[in-house]
Amino acid sequence: MADWYYAVGQNQKGPVGEDELRELIESGQITGETYLWHEGMDAWQRATEHPEFASAFVAPPPLPVVQLSKRPPPAFEPRVGGEGVVITSRPWPRFWARFIDNLIFVPLLGFCIFLLAVLYAPDVYLQIVTMNTGLFGLLLLPLVTLFLALCMITTGYTPGKAIVGVRVPVPVDRSRMHRLLPR
């Protein structure tokens, strides 16, 4: 058995036996780029080039990648709307989109009606001011719904849907008006 020498930086270490050299390889102190030499060799060789130790530096193939489910299964199966349109928006995002739309447009429309009533119909303004605000807000909801439908027809979104990220798909062969305002 030969005494081995190995290089660490510019320093020479050794002599060590073959078993001790294998332990140094297993512990990582000797890498594939470390130079080795023993008596009878013409020159220093990298550990990966030496036939006795080359197999110690062969990397095993990577482990197979196991695909984990990225999200839990849906709480409900998406249902199919009219003529091949798949509705994929979940209930809570749609709720929050509608809530945001109403939060924006009920006061805005109420302010516009108050302003128009003050300028053009003061007697109607007095009736609105004496009316219960909750009742006035309920009376505004159909107008807000009509305004949001017109928003969807013209742009494809309402502010609430744009904020929350709800998308309403429209079949290619139909217009938004026919999709959103059925016959």
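For ARG167, what accessible area in Å² do you get when you roll a 1.4 Å probe over the heavy atoms of the protein chains, rounding to the nearest 10?
Roll a 1.4 Å probe over it and ARG167 shows about 140 Å².
Could you compute how much accessible surface THR130 exposes when probed at 1.4 Å, giving the result in Å² to the nearest 10?
Taking all protein chains as shown, THR130 has close to 120 Å².
For the full complex of protein chains and a 1.4 angstrom probe, list LYS161, LYS13 by accessible area with the highest value first.
These residues rank, largest area first, as LYS13, LYS161.
The values are calculated or read from the model by the stated rules, or taken from the named source; none is laboratory data. As the structure is a prediction and not an experimental result, all values here were calculated from the model. These accessible areas exclude ligands, DNA and RNA; they are computed on the full protein's heavy atoms, side chains included. Shrake-Rupley method; radii C 1.70, N 1.55, O 1.52, S 1.80 Å.
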